[in-house]
1. Can you sort Thr334, Thr483 from fewest to most other Cβ atoms within 10 Å of each residue's own Cβ?
2. How much length would be gained if the chain were fully extended between His289 and Asn427, taking 0.36 nm per residue of separation minus their Cα-Cα distance, in nm to one decimal?
3. How many nm is it between the label spots at Leu60 and Glu251, if each spot is 7 Å from the Cα in line with the beta carbon?
4. Of Lys103/Lys434; Lys103/Lys255; Lys350/Lys473; Lys71/Lys364; Lys438/Lys490; Lys244/Lys412, which pairs sit farther than 22 Å apart, going by alpha carbon to alpha carbon?
5. Can you bin segment 391-502 into rounded, prolate or oblate? Criterion: square roots of the alpha carbon gyration tensor eigenvalues sorted a ≥ b ≥ c, rounded for a/c under 1.5, prolate for a/b above b/c, oblate for the rest.
6. Take the alpha carbon atoms of segment 43-75, find their center, do the same for segment 153-232, and report the distance between the two centers in whole angstrom.
7. Between [x] 86, 67, 43; [y] 72, 56, 46; [z] 75, 53, 52, which matches Cα extents along the principal axes in Å calculated for the structure shown?
8. Under the rule of at least 5 residues apart or a separate chain, name every residue whose amide H is placed under 5 Å from the amide H of Met383.
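Derivation of every value follows stated rules applied to the coordinates shown; laboratory data play no part. This is a predicted model, so every value here is computed, not measured. All Cβ positions, even for glycine, are placed from backbone atoms using ideal geometry, and neighbour counts span all protein chains on display.
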Amino acid sequence: MSNSELERVIVRPVDEYNQKLVSYVHPPNWVNPQPADIYDLVVIGAGTAGLVVAAGAAGLDLGLKVALIEKHLMGGDCLNVGCIPSKTIIRSARVVGEIWNAKDLGINIPTHVDVDFPAVMARMRQVRAGISHHDSAERFSSLGVDVFLGSGRFASKNTVEVGDQILKFKKAVIATGARATQPSIRGIETAGYLTNETVFSLIQRPERLAVIGGGPIGCELAQAFRRLGSEVVLFHSGSHILNKEDADAAEIIQKVLISEGIRLVLNCQLEEVATVTDGKRLYFSSQGHRDSVTVDEILVGAGRAPNVEGLNLEAVGVEYDKRQGVKVNDYLQTTNPKIYAAGDICMDWKFTHAADAAARIVIKNTLFSPFGLGRSRLSSLVMPWVTYTDPEIAHVGMYEHQAQKLGIDVAKITIPLSSVDRAIADNQESGFVKILHKKGSDEILGATIVASHAGEMISQVTTAIVNKIGLNKLSSVIHPYPTQAEGIKKAADAYRRTLLTPRTKKLLGFLTKLS
């Protein structure tokens, strides 16, 4: 493919916002540069991992030549079909949740909430387009990166092809990400379905929506669409939604979804999808019974596949698996020592911030370690994550079952939000702060927080773990009153109370009586 044959990318609906988005992240008039004689680093894929590697390497002011290749939209999933669009519509859906609960706060409003779904989606497209300049081809070119739009594939041990151009490299990075997979349900392809890659193109609300998958994506979007006015049925193969999360946390979210009118079909086996006169009918079995439900749209919120196709990895000796992705060691190095990988293409952590952190490891290991400056390991990262339901679930570190599997004796401190004054004032008492620590020690092993803004709270615990700050020291941190984050301090204080000996407790009790 020559520059004159650059594939035109269309993001629907074709309105002013999506045209602006495309003008930044896959400009139709883009002309690929003439390749340098040799590149210090060639990066394939301009999602989060690829962008961070390219910008970081080019920004070192060392005169490095860096090339970045993207066949579709720069910014990858996060900008275009992931974090940004999903969190934008979740924000609109949260307003509806607040209105539903307004009476409990003494605010009487009409029972009917008029959701302008096309306006919600238009705002999402506007926000996405407004952010997209940061990931644009023009911006990265201004940073000194040679940006090539087109499909990249390895041609030999040290070259990559982009159309009819050849890029020679000293080292390369694979950052092509992952995509939604088609479920193996008879008839679903013929009937048609949505994934995270297509759901944000909707301009009309589906009145009846089936969501397949009770993991984070499925639960987030099921709740959002229910609040925005859709009748939602959520299918999940497990006995409980969010079954990889803390069981107490998942139970809270399950009860919330049910209370908001989402129909949960658990222990479910989806058998067939058929097109009928009034929509799409899903046939399923659950708890030994067969049933069916008819909807307008089906959203598949489970299953991801790494984008390994078309890279010609065999030509450069890079081993991969079609389900797990590119094989890497703890330094994110592939089976070819000159080629690294980062992000969803090779990692179990499929988060934007994980891709960002991995990209920084790749920069250090590709550019600095050859000079004896040491290498960074993926296993050294302390990775928090958030499920953006309402309330949110945030987690960092180990779960209890993981610690027990490693033979670590653990103790657990749980502070219900019903004992945190700000949560009581906010009418948000159903969550908790749970901290896991090593038995007989204040070393924090992990934490789970369920709260309206748990994602904003978990970083305090993450900081403590990274810097080896124990519960004893954490209890001395002064928190503004009243805040929900005070639940973290209460947990630390609860640990300190366990240090009191029976004699000390007796003495304190005596002194209290005297006072």
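1. By the 10 Å Cβ count, ascending, the order reads Thr483, Thr334.
2. Full extension from His289 to Asn427 adds 45.8 nm.
3. With each label point 7 Å from Cα toward Cβ, the separation is 5.1 nm.
4. Lys103/Lys434; Lys350/Lys473; Lys71/Lys364
5. The shape class here is prolate.
6. Cα centroid of segment 43-75 versus Cα centroid of segment 153-232: 22 Å apart.
7. [x]
8. For Met383, the qualifying residues are Gly397.
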